[in-house]
There are 2 protein chains.
Amino acid sequence: MKKSLPQRILIVGGVAGGAACAARLRRLHETAEISIFDRGPHVSFANCGLPYFIGGIIEDEADLLVADAKLFRERFNIQVHTRTDVLSIDRESRTIEVCDLSTGEKHIEAYDALVLSPGATPLRPPLPGIDLPGIFTLRNIPDSETIKKWMEEYHTTKAVVVGGGFIGLEMAENLAHRGIEVSIIEMLDQVMPPLDPEIAAIVEEHLRDHGVHLALGDGVAGFEALEAGRLIVKTQSGKSHEADIVILAIGVRPETTLAKNSGLEIGSRGGVRVDEQMRTSDPKIWAVGDAVEVRDWNFGFDTLVPLAGPAARQGRIAADSICGRASTFRGVQGTAICGVFDLQVAATGCSEKALRRAGDQDFEKIYLHPTQHAGYYPGAKRMHLKLLFRKSDGSILGAQGVGKDGVDRRIDVIAMAIQKRGTVYDLAEAELCYAPQFGGAKDPINFAGMIASNLLSGDMPLVHWTEPTTPSTTFLDVREPSEFAQGHAEGALNIPVGELRHRLSELPADRDLRVYCAVGQRGYLATRLLIQRGIPVRNISGGWAIAPYIR
Amino acid sequence: MKKSLPQRILIVGGVAGGAACAARLRRLHETAEISIFDRGPHVSFANCGLPYFIGGIIEDEADLLVADAKLFRERFNIQVHTRTDVLSIDRESRTIEVCDLSTGEKHIEAYDALVLSPGATPLRPPLPGIDLPGIFTLRNIPDSETIKKWMEEYHTTKAVVVGGGFIGLEMAENLAHRGIEVSIIEMLDQVMPPLDPEIAAIVEEHLRDHGVHLALGDGVAGFEALEAGRLIVKTQSGKSHEADIVILAIGVRPETTLAKNSGLEIGSRGGVRVDEQMRTSDPKIWAVGDAVEVRDWNFGFDTLVPLAGPAARQGRIAADSICGRASTFRGVQGTAICGVFDLQVAATGCSEKALRRAGDQDFEKIYLHPTQHAGYYPGAKRMHLKLLFRKSDGSILGAQGVGKDGVDRRIDVIAMAIQKRGTVYDLAEAELCYAPQFGGAKDPINFAGMIASNLLSGDMPLVHWTEPTTPSTTFLDVREPSEFAQGHAEGALNIPVGELRHRLSELPADRDLRVYCAVGQRGYLATRLLIQRGIPVRNISGGWAIAPYIR
């Protein structure tokens, strides 16, 4: 068997996917010659930790080095060449030309199999002043050292983060953690693009509560220098933001120069095209990580997903493929999480936005606001969950969650349910960990499944705050008067659920009646009560708790 | 439709299953007359919170009252009769006789549908001295008040908890939390019977570290009184334990008196027999909760599972069934969690014990010890996971976990994977929440799946510490000498994995070679290295980290 395996395997890029691939290759193929080439000074470093290193939460740079050249050599018999650029690939002769960046010396290396794991480059748009000192991107440990040094030298007190995605928010939190006043400028009208806007709005409120300024729906027009170490960020709307430092976190572009120059196929989204085994258009070349296009598991189209989890699995699959094994990459399901101060923000599967974009109309959504564990146990904290599912068969399409605790767990359970093509009925009858400090006799997952089941069975007709009102619309608020007094839908009628049975005569006839309570539970009871008494009504999913975030 | 529905529905027992059933009934059947009868002073109280109320973690008794008679009446139009005993059922005439315990008055109530949710009674074995003052069981709020009052009156400093199951451990923790010195006496040779002994051993170590004395494999023989408020607990092995208080937590017995007296079928395990719709042998009587026998979802046999989660789902299903809907209870999968001081101890699906008991031989197990999030992010804590799966097809059978953080989440994900008949390959390619503070680029779930896959593919032959050695067995310890020096298998050969390639000649030929490292990862690399060089070897799953707990 081993005779047919490639003997000389070269890997370009030694972080995440490349490192995972190298280690797996060695375990499958003890006698191969394996070498890693990386342009930077490190391989296998924890790039997801960089914002926290800048924030001082991770104190020691050494902690970021998951493995070094010595470990690769001694433990895995793998040669690591850092500060080494791969200049070109000669696919005909199966060689690459490399350049030692310390000495400038170039030489040729032959391969039987080649793995490209070059990653992605932070975007740096050609705006006026983009090259002024104090404007940084963050990709590697040297970048983070440069940023830290700048902040110390100029005693940074004000920062602008351009981009409100995951990295932008992590940077904002970490700069705030250093006592810096942070503004985020984001071209979209929401932070965290993978989330639906009403869920993002919860995060935005939390950011503002923590003193972060948000300039949404506004793009950066350019930068101007003030005195040393100070900048003005000009936006397209004409505003100016002063900053001692600017972090660009507006996304990344797959590094495809090497692939393009050697004629490998590039996909429609600009990443290296690979098959399910992570093989490029050249059967001797594989590619993994942020540089490649992957299949969106939910929709089937090609996409770019620069995340460490998929990269690690891709590295493993490329190694399998090189060693003649049949593993395949199933695509990316879209599971992600971000810490935003003390908030967990997570998602899996499809967003409503993405479903609409795809023209899908066979879906429904519900909102719920359960606590992460029994309400009677100290420390119960409310989370917000949104569940998307098929109207036709109840299969789960996606979920988003925001809360201080336990969101990671519920999104993970739903991620597994989606992976296994589960339905809302599966969630309703899931049997999950329960003790007072760890969950509920009905877990948030059970509630989500039950609410969705009630909708699908026709027991609970649903309506959303976003549905336009008509002249015949009446909002019925079934909360207590004290709750009603603190805010309610305009013109709403207030009849507490406990009094509803005796006050049916107060309900206007032949109206588009929309009932709500605080979170949806009393509204559900009221809906059932009224429907069974012949009064058509719909319950507003998520109740008043979600109303402030709808736009 | 509504004409055919039962009009008068009586529910015996208003906690957990009974309360859930009542609320669901009202939502499905607005015009029914629904009444709940409960012997105690409360309905719908949080019985899972009682140990924490005793420990003072839940301070206010009112927090334990999830819903009261007023709420049931006003919101649900349900009549609640507390302190009311149901004396008998006349199935012929469809009536029950009830007794108001405050007045002693009896009367007859007619039903169209009857739901039994009487719960279970803590066992109180007929041992010498069992009725001495100071020996308590814990079932309801009055019990916990009595216990608290006793502890205050006698300034309790020493407690004996009889029984090392979930409730026993929760009681031990809560008594310790009050500064009381606690001993647990358990007849089995392990705590937490649903766990396999080596996982329970991790919990036992933790209990001892927190000052709890464990007397395992020893039963209570009887009790003797000392001066007021003090007792001696005598064990079968002849030992004596002094105590100011004794808590009996040796299990519960389903309350079936009413069911038995009215001739309802009782199952082989002593619980009320019900079908998938929670219907008893009488088509007008349903039963739910701790009093009924349920199907073990893993094995198919009947069992007793006194847990709140299943009870709540059963209540819902009984209500559906009464209202002519086709929901069914899928059985109990065996998901459970317990907090033991700052440790999370959780399980789902089959244990190895249960598989062996069932004579199943088509399974394998692995151990792993991952951290709950990226090791480089502060606060990473190691957990211990055990995964059981089919050798023939990789389907997941069960899992157990112990650790300070993130165990609930991983067991929940596996619980969902088991529910959906997932395999270890599904775990390997699961896409879960990852950011440094929330997981790993490879989550513990991915690792578990990958390790199991490596075993099933034949890449990593496995052996366990429990496999008897033979004269030809050689243990090969591939850790560093500094680790080896701190403890190792008797007679083990120490060659660090990084030196193994150059020291192959030191390996004895034709031996039963068993390799291990700290957790299994270096052992896996060594295994691959040696096998590919023609040296047969097996890796010891879980490495040295699990060795101290094996017995």
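The values are calculated or read from the model by the stated rules, or taken from the named source; none is laboratory data. The structure presented is a predicted model; accordingly, all values stated were derived computationally and were not measured. Methodologically, a virtual Cβ is constructed for each residue, glycine included, from the backbone with ideal geometry; neighbour enumeration extends over all protein chains shown.
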> If a residue has to be of a type outside the set (D, E, K, R), over 18 Å from A:Ala435 (Cα atoms) and crowded, with 17+ Cβ neighbours inside 10 Å to count, how many in region B:159-186 make the cut?
Replying inline: 11
> In region A:45-59, which residues are over 22 Å from the mean Cα position of the chain (by Cα) and more than 9 Å from chain B (Cβ to nearest Cβ)?
Replying inline: A:Gly56
>> Return the residues of region B:409-448 that are within 7 Å of chain A (Cβ to nearest Cβ), within 24 Å of the chain's Cα centre (by Cα) and basic (Lys, Arg); say none if nothing qualifies.
In response: B:Arg409, B:Lys420
> Counting only residues that are of a type in the set (Lys, Arg) and surrounded by 13 or more Cβ atoms within 10 Å (Cβ to Cβ), which one in region A:133-158 is nearest to the chain's Cα centre (by Cα)?
Replying inline: A:Arg139
>> For region B:452-473, give me each residue that is within 13 Å of chain A (Cβ to nearest Cβ), in contact with a Leu (Cβ under 8 Å, 6 or more places away or on another chain) and more than 18 Å from B:Leu530 (Cα to Cα).
In response: none
>> Can you pull out every residue in region A:426-441 that is out of contact with any His (no Cβ under 6 Å at 6 or more places or on another chain) and either modelled with pLDDT of 95 or more or of a type in the set (S, T, N, Q) (or both)?
In response: A:Asp426, A:Leu427, A:Ala428, A:Glu429, A:Ala430, A:Glu431, A:Leu432, A:Cys433, A:Tyr434, A:Ala435, A:Pro436
> Just to be sure, is A:Lys353 part of a helix (DSSP H, G or I), more than 14 Å from every other protein chain (Cβ to nearest Cβ), over 19 Å from A:Ala20 (Cβ atoms) and not small (Gly, Ala, Ser)?
Replying inline: yes
>> Every residue in region A:2-17 that is at the interface with chain B (Cβ under 9 Å from one of its Cβ atoms) and touching a residue at least 40 places away in the same chain (Cβ under 8 Å), please.
In response: A:Ala16
> Which condition breaks for B:Asp275 when tested against (1) touching a residue at least 12 places away in the same chain (Cβ under 8 Å); (2) among the acidic types (Asp, Glu); (3) surrounded by fewer than 23 Cβ atoms within 10 Å (Cβ to Cβ)?
Replying inline: (1)
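Can you list the helices (runs of 4 or more DSSP H) found entirely within region B:475-551 that contain at least 3 residues being surrounded by 16 or more Cβ atoms within 10 Å (Cβ to Cβ), away from chain A (no Cβ under 14 Å) and out of contact with any Asp or Glu (no Cβ under 6 Å at 6 or more places or on another chain)?
Fully inside region B:475-551 and qualifying: B:543-546.
Yes or no, residue by residue, for (1) at pLDDT below 95; (2) in a loop (DSSP other than H, G, I, E, B); (3) closer than 25 Å to B:Gly401 by Cβ:
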site	(1), (2), (3)
B:Ile167	no, no, yes
B:Glu173	no, no, yes
B:Gly179	no, yes, no
B:Val182	no, no, yes
B:Met192	no, yes, yes
B:Val203	no, no, yes
B:Glu227	yes, yes, no
> What do you reckon, is B:Pro471 farther than 30 Å from B:Asp426 by Cβ, surrounded by fewer than 17 Cβ atoms within 10 Å (Cβ to Cβ) and free of Cβ contacts under 8 Å to residues at least 12 places away in the same chain?
Replying inline: yes
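Inspect region B:26-38 for any residue being farther than 30 Å from A:Leu529 by Cα and surrounded by 15 or more Cβ atoms within 10 Å (Cβ to Cβ) and give the result as yes or no.
Taking every residue of region B:26-38 in turn, none turns out to be farther than 30 Å from A:Leu529 by Cα and surrounded by 15 or more Cβ atoms within 10 Å (Cβ to Cβ).
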> In this structure, is B:Ala67 outside any helix (DSSP H, G or I) and at pLDDT below 95?
Replying inline: yes
> Given the residues B:Gln400, B:Gln419, which is the only one that is in contact with an Asp or Glu (Cβ under 7 Å, 6 or more places away or on another chain), within 27 Å of B:Phe341 (Cα to Cα), buried (at least 24 other Cβ atoms within 10 Å of the Cβ) and in contact (Cβ under 8 Å) with a residue 40 or more places away in the chain?
Replying inline: B:Gln400
>> Every residue in region B:1-25 that is surrounded by fewer than 19 Cβ atoms within 10 Å (Cβ to Cβ), among the basic types (Lys, Arg) and outside any strand (DSSP E or B), please.
In response: B:Lys2, B:Lys3
>> Can you list the strands (runs of 3 or more DSSP E) lying wholly within region B:229-345 that have 1 or more residues being within 14 Å of chain A (Cβ to nearest Cβ) and touching a strand residue (DSSP E or B) at 6+ places or on another chain (Cβ under 6 Å)?
In response: B:336-340
>> Every residue in region A:70-80 that is surrounded by 19 or more Cβ atoms within 10 Å (Cβ to Cβ) and either without any contact (Cβ under 8 Å) to a residue 40 or more places away in the chain or more than 14 Å from chain B (Cβ to nearest Cβ) (or both), please.
In response: A:Arg75, A:Val80
> A:Leu188 versus (1) more than 22 Å from the chain's Cα centre (by Cα); (2) part of a loop (DSSP other than H, G, I, E, B); (3) without any contact (Cβ under 8 Å) to a residue 40 or more places away in the chain: which is the lone unmet condition?
Replying inline: (1)
> Is it fair to say B:Val115 is outside any loop (DSSP other than H, G, I, E, B) and in contact with a helix residue (DSSP H, G or I) (Cβ under 6 Å, 6 or more places away or on another chain)?
Replying inline: yes
>> One residue is enough: does region B:382-390 have a residue meeting the conditions surrounded by fewer than 21 Cβ atoms within 10 Å (Cβ to Cβ) and within 14 Å of another protein chain (Cβ to nearest Cβ)?
In response: no
> Which one is nearest to the other protein chains (Cβ to nearest Cβ), of the residues in region A:18-33 that are of a type outside the set (Asp, Glu) and farther than 14 Å from A:Ala67 by Cβ?
Replying inline: A:Arg27
> Among the residues of region B:357-374, which ones are surrounded by fewer than 16 Cβ atoms within 10 Å (Cβ to Cβ) and farther than 20 Å from B:Val332 by Cβ?
Replying inline: B:Gly359, B:Gln361, B:Asp362
